[in-house]
Amino acid sequence: MFFNSLNRKRRNKVLVVDVGTEAVKTMLFERNTENNNLFRQKQACSFRQKQTRLLTANTEYFENINYKSLEVFDYALAIHKEFLLGRVLINLPYNILKAKILNSSLIRKEKNRIGRREAISIIKNILNKTREELSYEIALEYGVLPEDVYFVDLDIAEIRIDGYKVPSIKNYEGKFLNFEIVAVFMLRDDYGRVVKILNERCIKNYRLMHVSRCWSAVKLPGIERSALLDIGGQNTDIFIIKDNGIFDIKRMPVGGQIFSDSLSYNLGINKKDARILKEDYAEGKLSIDVQKRISDIFVNSKKEWYKNLENVISEKFLPPNIFIFGGGSSLFKKIDFSISDTERVGHIAGPHIRFITPKDMNLSLECRDKKLGQAVIDNPQYVTGFLMYYYDVYTKAKEF
């Protein structure tokens with residue numbers, strides 16, 4: 001009976017493993033089983049009730065993480081092995097887990113109302129067509145066979161009938177159907193390696209997730225037309241939101257590590273010491289003279305980062321709001337994201353810019369202790385972990 005009780009407690013735990021290009025973040029949540037009926041409520045915001053407790057949060061840095069992403073993932077599981085009977089939510093770096101927005105259209109012969117049977121047939125055909133076309137595209141890009149592509153998620157994000165946005169095609173009339181589809185995929189060999197690691201750790205209850213799918217779980221003022229910048233170590237992921245839905249996913253191969261590399265080169269120090277110095281600078285721990293010296297070193301790196309951003313986000317698609325988060329975002333808050341008129345690169349300084357942390361996500365959460373809460377709630381690098389957890393709860397609630 002004791003062991004049954006212990007196993008039940010472990011199954012209430014949710015481990016979030018977020019493997020980036022420079023660090024792995026882990027967060028351990030505990031769900032309150034007394035509120036299990038919460039998941040049966042149909043209200044979209046029911047998951048915001050206080051039924052979650054954050055037990056631990058940790059960030060560990062690794063060099064050349066892109067070459068050993070799955071080894072780092074396995075390591076993160078190993079140090080939390082006593083909690084693996086619960087649910088495990090997994091986000092892997094771009095070199096393994098990818099996402100893409102695609103558009104597909106269909107012209108019906110008649111404009112009459114779409115019945116249930118026809119709706120099911122149309123959706124099935126559209127998704128199969130998208131899967132086939134994207135498989136061939138990925139196969140050409142990576143030099144593999146189409147069947148070597150594994151789809152983690154393939155879902156319709158937006159539907160328009162004759163130009164009008166609709167929640168579903170069922171019971172609507174129209175001739176021209178347009179679909180916006182979100183595909184999350186990886187190479188089948190990589191998926192096999194992930195499954196092997198999970199099987200070796202006896203993990204059955206898991207979910208592979210991409211952060212682009214998670215933003216529907218939170219509401220931020222202005223997010224309905226915005227660009228979300230997740231600044232990581234080696235790259236920056238950009239999610240364009242339009243009409244409250246994901247419109248495009250972009251990526252630029254420059255992140256916060258460009259500033260660490262600049263310090264390492266100019267000061268002749270190793271990369272680990274350069275990263276620590278960069279973090280101390282971002283947190284305002286250095287003397288005024290040292291801060292000034294580092295600011296001067298960062299000038300060219302800052303311009304290069306902005307130039308890359310301008311190349312990725314064209315002026316045509318520049319949204320009115322930019323939300324910035326991720327491990328590298330604290331530095332940008334310190335060096336001032338907006339550029340002065342003399343340094344302005346193109347059009348990037350135009351939108352309203354806001355740095356977000358878990359505190360801004362308006363989540364109802366209890367922390368194990370005050371120290372943990374202070375370390376996490378204002379830390380932008382844990383935004384992705386919170387998104388993953390609450391999106392998982394949100395989608396479970398919608399299943400009922």
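Things worth noting here:
- All positions within the range 277-293 that are surrounded by 15 or more Cβ atoms within 10 Å (Cβ to Cβ) and among the hydrophobic types (A, V, I, L, M, F, W, C): LEU277, ALA282, LEU286
- Only listed residue being over 27 Å from MET361 (Cα atoms) and not in a loop (DSSP other than H, G, I, E, B), chosen from ILE203, ILE197, ILE156, ILE181: ILE197
- Of everything listed in (1) of a type in the set (Lys, Arg); (2) part of a loop (DSSP other than H, G, I, E, B); (3) surrounded by fewer than 16 Cβ atoms within 10 Å (Cβ to Cβ), the single unmet condition for LYS170 is (3).
- For the range 82-113, the set of residues classified as more than 25 Å from VAL149 (Cα to Cα) and touching a Gly at 6+ places or on another chain (Cβ under 7 Å) consists of LYS111 only.
- Given (1) of a type outside the set (A, V, I, L, M, F, W, C); (2) part of a strand (DSSP E or B); (3) more than 30 Å from ASP190 (Cβ to Cβ), number of the condition GLU118 does not satisfy: (2)
- Residue check, PHE176 among the aromatic types (Phe, Trp, Tyr) and more than 19 Å from the chain's Cα centre (by Cα): yes
- Summed over the range 13-47, the residues that are modelled with pLDDT under 85 and either of a type in the set (S, T, N, Q) or under 20 Å from LYS370 (Cα atoms) (or both) give a count of 10.
- Exactly one residue among ILE339, ILE353, ILE348 is part of a strand (DSSP E or B) and either at pLDDT 75 or above or under 20 Å from ILE231 (Cβ atoms) (or both), and that residue is ILE353.
- Of all the listed residues (LEU134, LEU154, LEU140), the sole one being out of contact with any Cys (no Cβ under 9 Å at 6 or more places or on another chain) and surrounded by fewer than 16 Cβ atoms within 10 Å (Cβ to Cβ) is LEU140.
- Any hit, the range 113-125, residues being over 25 Å from LYS396 (Cβ atoms) and under 22 Å from the mean Cα position of the chain (by Cα): no
- Residue in the range 194-213 that is of a type in the set (A, V, I, L, M, F, W, C), closer than 30 Å to GLU180 by Cα and over 19 Å from the mean Cα position of the chain (by Cα) present: yes
- Helices (runs of 4 or more DSSP H) fully within the range 247-328 counting 1 or more residues that are in contact (Cβ under 8 Å) with a residue 24 or more places away in the chain, farther than 22 Å from THR59 by Cα and polar (S, T, N, Q): 257-267, 288-312
The values are calculated or read from the model by the stated rules, or taken from the named source; none is laboratory data. These numbers were taken from a predicted model, which means no experiment stands behind them. Every residue, glycine as well, gets a Cβ built from its backbone with ideal geometry; the counts of neighbours run over all protein chains shown.
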